[in-house]
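Asker: Take this structure, written in structure tokens, and hold onto it; I'll ask about it next.
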Amino acid sequence: MQCAVELVCRDGYAAVTLADIAQSTGLTKGAVLYYYKTKEALIEATMQYVYTAGARYMSPRIDAEPTMRGKLRAYITSNIMFMHDYRSYIVAFISVITNISSSQHERMVLVTESNKNTLHMLTLLLKSGQANKEFGAFDPAEMALTIRGVIDGAALQTVLDAKVDLRTYADTMAELFLNKLQKE
């Protein structure tokens, strides 16, 4: 999977072939086709690999926080710092999702379901913060969508500018949202 990520990052989804991926791994194209019947199947597995890597990176940081404010800070900063630490994953991921066509139903479902799950979990975090009085009054679903928009914007900026200062961006966005959401 790592080889596929690096190739898509370097060359773009549209340019990468199964033969390229096979060559980069030292396998034959036939060996790659044994496990992944099509380029689409391999790309879907690669996307799942990126999602899993992100979850493994973020989960311990979020889980270590005892408060909902701390968890939200960790959610925002670890999301953005994953982009910093694994830039090639983000570049490859953006290349793949910007090349989804209506005929690629499986990939569309994977992205859509992942997005729904992410928004749902973030909404629950925000509701929990409201329930225990760490956050003030706001619509948690709308705020989750806004937070994700800021994080996804950082992903695009990561693709456009390899030198973007994601550490400062992560801290600034965390402070912005925590200040906005605090109970008045």
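Asker: For residues that are among the acidic types (Asp, Glu) and farther than 20 Å from residue 81 by Cβ, scanning just the range 125-179, find the one that is surrounded by the most Cβ atoms within 10 Å (Cβ to Cβ). Can you show your working first?
Answerer: Going residue by residue through the range 125-179, those that are among the acidic types (Asp, Glu) are 134, 139, 142, 152, 161, 165, 171, 175.
Those left that are additionally farther than 20 Å from residue 81 by Cβ: 134, 139, 142.
Details: 134: 19, 139: 11, 142: 11.
That would be 134.
Asker: Now a separate question. Have a look at 155, 162, 137 and point out the one that is within 22 Å of residue 120 (Cα to Cα), at pLDDT below 95 and part of a loop (DSSP other than H, G, I, E, B). First the steps, then the outcome.
Answerer: Values: 155 fails: part of a loop (DSSP other than H, G, I, E, B); 162 fails: within 22 Å of residue 120 (Cα to Cα).
Step by step, each of 155, 162, 137 is checked, and only 137 is within 22 Å of residue 120 (Cα to Cα), at pLDDT below 95 and part of a loop (DSSP other than H, G, I, E, B).
Asker: Taking the range 165-184, which residues are farther than 18 Å from residue 79 by Cα and part of a helix (DSSP H, G or I)?
Answerer: 179, 180, 181
Asker: Determine which member of the set 57, 34 is surrounded by 14 or more Cβ atoms within 10 Å (Cβ to Cβ) and either hydroxyl-bearing (Ser, Thr, Tyr) or touching a helix residue (DSSP H, G or I) at 6+ places or on another chain (Cβ under 8 Å) (or both).
Answerer: None of the others qualify; the one that does is 57.
Asker: Tell me, yes or no, whether the range 83-96 has at least one residue that is over 25 Å from residue 7 (Cβ atoms) and either among the β-branched types (Val, Ile, Thr) or free of Cβ contacts under 8 Å to residues at least 12 places away in the same chain (or both).
Answerer: No, every residue in the range 83-96 fails to be over 25 Å from residue 7 (Cβ atoms) and either among the β-branched types (Val, Ile, Thr) or free of Cβ contacts under 8 Å to residues at least 12 places away in the same chain (or both).
The values are calculated or read from the model by the stated rules, or taken from the named source; none is laboratory data. For clarity, every value in this text was computed on a predicted model and none was experimentally measured. Positions of Cβ are generated from backbone atoms using ideal geometry, with glycine treated the same way; all protein chains shown enter the neighbour counts.
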